[in-house]
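**Student:** Here it is, the structure in full.
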Amino acid sequence: MDETAGVAVQRGQALLDLGRAREAEEQFRTALAAAPGEPTLHALLAQALLRQQRYQEAHDVSRAAVGAAPEHVMAYSTLAASLAGLKRLPEAEEAVRHALALAPEASVLYVQQAYVLLAQDRPADALVSIDRARALDPEDADAAAVQAAVLFESHRFEDADAAVDEALRLDPENVDAHRIRGLLALRRGGGETAVQAHRTALRLSPTDSDAREGLSVALKSRNPLYGLMLRYGMWLKTLPTGMRLLVLFLPFILTRVLRPFEGQAWASVLLVVVIAAVVLSWSLEPLMNCVLLLSRERHLLNRTARLSTYAFLGFAAAALGVLAVGVDTGPARLLTLALGLCLWAMAIGSAHTIRADRRKILAIGAGVAAVVAVIAFAGAVGGIGGLTVAVTAVFLSGIAATWFTVFS
């Protein structure tokens, strides 16, 4: 490596340490122009690209580094990170294994392996990796923070608290430790403690999408009802799958059980409470997003959450409009149509909380339901008969969409 490349690398590494990944990228590209066959430079460039979340480019550069030097540990590590960013998790795990085969005593690689395993929802395996990392380097704050994350996902919350304290003792400005502290506070219902922890994480890493999303949830958790629903949702995740399904279907079961007692005051009150709880659990998220959109913290909502909220408002407004016309003019099927649109509003308003592939299915369904609803409404207002099927389709698809969102 000549002097030009060496100076550029030093500058690039300094810029990377300062969080100025774009400028670091320019320096590493300058170094590569002077020494194009150097695999370390490819790996450093990949790191700069990873910091900018340009995962495909980082993958291509890392692959070039691996091709140039098949025994280059750093190249395999950056390749694994890029594959994880692309959600190609089994391949990322394999790349980390290659790196560990070359450097079995590198604690940072076990930390990376734990990240990948945790992303595959394998907390038990991740805990084995992170325990190995901590044994190799007990003073590594990043390892302690990842250990806290793994323990949190394993529902060992007291141990996670202790791991967060240890990570912050080692490094008071560890972003992941502050973020996990915020998640632990959210589990207890959120409020100002959760807000402060996530604000600190976002201050330390302004581009961290997890910290931004966590702060968004923490701000909404200051609403007592939202905090209560948040605790309920986190408790639900700790249950075995069968028990979780039973709890989800419990409101429906209760409405069936209470049917013989219709007309009795206690049964009517209990039925109203059950229905209100169900509606609240499905509508509180988009409603709180609406509040956040009207505040100075609106930037915390990412594009997907904003689109979900706008779609919620559109369906909710349509439902209210159809209901107003139905009450005024009288066609009973308009009331059914309004209820169907209301169900779709609740479902689409939480679309940002589900996986991207399932979100696309929900969005297509919402578009079709909107078109069918327009046809049904126009037909009802115009006195055209035979549109009961369209109204029923919107209503039943609204029920299906709400449950699809819950189980996704």
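**Student:** Please report, ordered by residue number, the helices (runs of 4 or more DSSP H) entirely within region 248-350 with at least 3 residues that are surrounded by 14 or more Cβ atoms within 10 Å (Cβ to Cβ), at pLDDT below 80 and more than 22 Å from the chain's Cα centre (by Cα).
**Tutor:** Result: 265-293.
**Student:** Can I ask one more? So which residues in region 245-276 are touching a helix residue (DSSP H, G or I) at 6+ places or on another chain (Cβ under 7 Å) and either of a type outside the set (A, V, I, L, M, F, W, C) or within 25 Å of residue 305 (Cβ to Cβ) (or both), if there are any at all?
**Tutor:** Residues of region 245-276 touching a helix residue (DSSP H, G or I) at 6+ places or on another chain (Cβ under 7 Å): 247-248, 251, 254-255, 258, 261, 267, 270-271, 274.
Hits for region 245-276 are 248, 251, 255.
**Student:** So, in region 1-14, exactly how many residues are crowded, with 19+ Cβ neighbours inside 10 Å and either touching a strand residue (DSSP E or B) at 6+ places or on another chain (Cβ under 9 Å) or not small (Gly, Ala, Ser) (or both)?
**Tutor:** Residues meeting the conditions: 1.
**Student:** Would you pick out the residues in region 260-313 that are aromatic (Phe, Trp, Tyr) and more than 29 Å from residue 202 (Cα to Cα)? Break it down into steps so the answer makes sense when it comes.
**Tutor:** Step one: of region 260-313, the residues aromatic (Phe, Trp, Tyr) are 261, 266, 282, 310, 312.
Across region 260-313, the qualifying residues are 261, 266.
**Student:** Do the conditions hold for residue 398, that is, is it touching a residue at least 12 places away in the same chain (Cβ under 8 Å), in contact with a Cys (Cβ under 8 Å, 6 or more places away or on another chain) and part of a helix (DSSP H, G or I)? Can you show your working first?
**Tutor:** Values: touching a residue at least 12 places away in the same chain (Cβ under 8 Å): yes; in contact with a Cys (Cβ under 8 Å, 6 or more places away or on another chain): yes; part of a helix (DSSP H, G or I): yes.
For residue 398, the condition - touching a residue at least 12 places away in the same chain (Cβ under 8 Å), in contact with a Cys (Cβ under 8 Å, 6 or more places away or on another chain) and part of a helix (DSSP H, G or I) - is met.
**Student:** Within the group 81, 92, 101, which residue is surrounded by fewer than 16 Cβ atoms within 10 Å (Cβ to Cβ), under 30 Å from residue 134 (Cβ atoms) and modelled with pLDDT of 90 or more?
**Tutor:** Step by step, each of 81, 92, 101 is checked, and only 101 is surrounded by fewer than 16 Cβ atoms within 10 Å (Cβ to Cβ), under 30 Å from residue 134 (Cβ atoms) and modelled with pLDDT of 90 or more.
**Student:** Separate question: Go through region 225-247 residue by residue and tally those that are in a helix (DSSP H, G or I), surrounded by 11 or more Cβ atoms within 10 Å (Cβ to Cβ) and of a type in the set (Ser, Thr, Tyr).
**Tutor:** Summing the residues that are in a helix (DSSP H, G or I), surrounded by 11 or more Cβ atoms within 10 Å (Cβ to Cβ) and of a type in the set (Ser, Thr, Tyr) in region 225-247 gives 2.
To keep it simple, each residue is scored yes or no on (1) among the hydrophobic types (A, V, I, L, M, F, W, C); (2) at pLDDT below 95; (3) under 26 Å from residue 54 (Cα atoms); (4) out of contact with any Cys (no Cβ under 6 Å at 6 or more places or on another chain).
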| residue | (1), (2), (3), (4) |
| --- | --- |
| 124 | yes, yes, no, yes |
| 175 | yes, yes, yes, yes |
| 183 | yes, yes, no, yes |
| 205 | no, yes, yes, yes |
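**Student:** In region 354-383, what residues are part of a helix (DSSP H, G or I) and loosely packed, with under 14 Cβ neighbours inside 10 Å?
**Tutor:** If the condition is that a residue be part of a helix (DSSP H, G or I) and loosely packed, with under 14 Cβ neighbours inside 10 Å, then 356, 357, 360, 364, 367, 368, 371, 374, 378 are the ones that fit.
The values are calculated or read from the model by the stated rules, or taken from the named source; none is laboratory data. Keep in mind the model is a prediction, meaning the values are calculated, not measured. Cβ coordinates were reconstructed from backbone atoms using ideal geometry, including for glycine residues, and neighbour counts include every protein chain displayed.
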